[in-house]
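Below: one structure, written as structure tokens.
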Amino acid sequence: MKKKLKKIVVTGGKGGTGKSTFAVLLANKYSREKKRVILCDCDVECPNDYLLISKKLKKPNKKIYAIFPKLDKKKCRKCGLCAKHCENNAIFQVPGKYPVFIKELCSGCGVCWNVCPYSAIKQKKEEIGKIYLNKVKKDFWLITGVTKPGLQETGPAVSQVKKFTLNFAEKKKVDVIIFDSAAGTHCPVIAAISDCDLAEIVTEPTPMGAHDLKIILDLLKKLKVKSKIVINQSNLGDKSLISKIAQKNHIKIEREIPYSKEILNYYSKGQLLDIDVSRISL
């Protein structure tokens with residue numbers, strides 16, 4: 001019988017809560033338990049997991065491409081249908097003028113070239129990023145997605161990074177994948193969370209942490225992904241702020257990680273893998 005691959009996403013509505021630190025430590029925990037594990041950094045705009053474990057992104061294993069619209073002015077009748085139907089506001093058009101495509105906002109959804117009655121919008125393939133693969137140690141791999149600076153819509157890039165990761169996991173017969181999402185609730189976060197078995201929400205016991213916890217929980221309910229809460233720096237602030245939200249939403253607080261100068265020291269040196277995770281209740 002084929003064993004089931006476990007897919008866990010580490011996420012959180014607020015940045016700076018220690019989400020990536022927890023993702024690295026959780027992946028290392030599974031590795032020390034003799035599991036075959038992949039840590040996949042889906043924060044493609046600003047990945048940092050490789051820095052936390054002192055790895056370098058050298059030669060990319062795969063390029064990330066996206067399809068963008070390209071206007072054929074000979075066929076365009078300046079009707080405005082493409083701009084009217086673009087939900088990302090990635091098409092600007094002054095009445096009577098040719099539409100202007102704003103690539104940085106484009107998701108490559110294809111609505112514009114499908115609604116154009118004159119076939120004036122063609123498809124143009126462009127490189128938007130790269131995927132890197134690092135072997136961390138035996139049966140432990142890091143996969144990192146990186147997009148080009150200035151790209152606003154990175155959801156499609158995250159989807160490609162996940163596809164690469166899942167294919168690699170099947171090839172290597174991996175037990176667990178830890179997806180480290182970006183902070184927030186925008187499209188790349190949704191892409192990272194989708195189809196995962198469990199979401200570990202990393203938050204902090206502060207009013208801001210509680211506010212953003214409510215937002216990410218709403219998103220996870222819509223996506224129908226099971227969730228658990230991790231309170232980082234749990235000995236600082238007011239834990240009751242998080243406990244009340246957990247009780248109201250019937251969500252388990254799975255872990256409480258106290259502020260630790262030891263973890264901070266390892267973090268600052270890019271040596272998180274040297275921490276004995278058994279001592280910090282992961």
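A short reminder: the numbers here are calculations on the coordinates, not readings from a lab. The model shown is predicted, which means the values in this text are computed figures rather than measured ones. All Cβ positions, even for glycine, are placed from backbone atoms using ideal geometry, and neighbour counts span all protein chains on display.
Taking neighbour Cβ counts within 10 Å as the exposure measure, how do THR17, THR154 sort from fewest upward?
So the residues, fewest neighbours to most, are THR17, THR154.
Tell me which residues come under 5 Å, amide H to amide H, from TYR259 once H is placed; ignore anything under 5 positions away on its chain.
Answer set, sorted by chain and number: GLN233, SER234, ASN235, LEU236.
With each pseudo-label sitting 7 Å past Cα toward Cβ, what's the ASN88-LYS74 distance in nm, one decimal?
2.8
Take the alpha carbon atoms of the range 115-136, find their center, do the same for the range 165-241, and report the distance between the two centers in whole angstrom.
27
Take a quick pass over the range 32-72 and tell me how many lysine pairs come in under 26 angstrom between Cα atoms, counting only ones 8 or more apart or on separate chains.
7
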